[in-house]
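Values quoted throughout were computed directly from the atomic coordinates according to the rules given, and no laboratory measurement underlies them. Please read all numbers here as calculations on a predicted model, not as lab measurements. Every residue, glycine as well, gets a Cβ built from its backbone with ideal geometry; the counts of neighbours run over all protein chains shown.
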Amino acid sequence: MTGKVAKRVLVIDVGGTHVKVRATGRKDEVKIPSGLRMTGPGMVHAVLEATRDWKYDVVSIGYPGPVLHGKPVHEPANLGGGWVGLDFAKAFHRPVKLVNDAAMQALGSYHGGRMLFLGLGTGLGTAMIVDGIVEPMELAHLPYKKNRTYEDYVGERGRERLGGKKWRKAVFDVVERLRAALEPEDIVIGGGNEKRLKQMPSGARRGDNQNAFVGGFRLWDGSAGVAEAKDGDPASP
């Protein structure tokens, strides 16, 4: 495909509970159960089975972990193995762009300037976009309280341990700490547990999980206004 021919994109948002899939021109979304038994090859097989009648030219994958040069750095914490070293382009028989899942949702939420994205889900996904350049971040594993990390408090296990009220208080505290350290102009809070917040921290806005698909489409859309990033950033080919 060359010139101005639009690419039909298959977007795969890999999460600790479900793998969600959409494609250009389709309103329906497929949700595939994931969890600790979901391996890399297993995900590919399940997606190919679920989309066997779909037409698409390229693939975007949001991966729940660090990504470098378009490849997973290590196996995901909340899924099975077999992700590192898997040739996704060969498996899907199409060009693939694999990026951190928080970065993909951040890209779909971006309106300009300096934006911090926090994804409250099984863990804590984090990314920043500065003037169109996406930078995935691993802030979830920074030390926080009682020899625990941010993720230990605001991820799903933290919510279950603390209860709703204390969990929401921890979320507000983490947001303020990151705001002070990173000085974003815009803060977006998304992820599956965003809906459990009764109100947003000051200056933050709610994200939408559907923005992960918007970000996946934008990875292949040269008109999206998102700058192509250096190697290792989500916008890299």
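Computed over all pairs of different Cα atoms, the Kirkwood value for the hydrodynamic radius of segment 137-221 is 13.9 Å. For helix 40-50, report the angle its Cα long axis makes with the longest principal axis of the Cα atoms of the chain; keep it between 0 and 90° and round to the nearest 10°. Computed tilt is about 60 degrees.
Highest mean packing first, where packing is the average number of other Cβ atoms within 10 Å per residue, the peptides 133-144, 195-206, 9-20 line up as 9-20, 133-144, 195-206. With the cut-off at 28 Å, report for the chain the share of all Cα pairs above it, as a whole percent. Considering the chain, 27 percent of its Cα-Cα pairs are separated by more than 28 Å.
Largest first, the three principal axis extents of the alpha carbons in segment 53-105 are 31, 23, 22 Å in whole numbers.
Other residues lying with their Cβ under 12 Å from the Cβ of S202 contribute a combined charge of +1, Lys and Arg counting +1, Asp and Glu -1. Within a straight-line Cα-Cα reach of under 17 Å, K20 can be paired with the following aspartates and glutamates, leaving aside sequence neighbours fewer than 8 residues apart in one chain: D28, E29, E49, D53, D101, D208. Please tell me which of these pairs span more than 21 angstrom C-alpha to C-alpha: K31/K71; K145/K169; K146/K169? Exceeds cut-off: K31/K71.
Modelled label positions at D131 and R161, each set 7 Å beyond Cα in the direction of Cβ, lie 4.0 nm from each other.
Helix 164-182 axis versus longest C-alpha principal axis of the chain: approximately 80°, rounded to the nearest ten. Under Stokes-Einstein, with the Kirkwood radius over Cα pairs as Rh, the value for segment 60-188 at 37 °C and 0.692 mPa s is 210 µm²/s.
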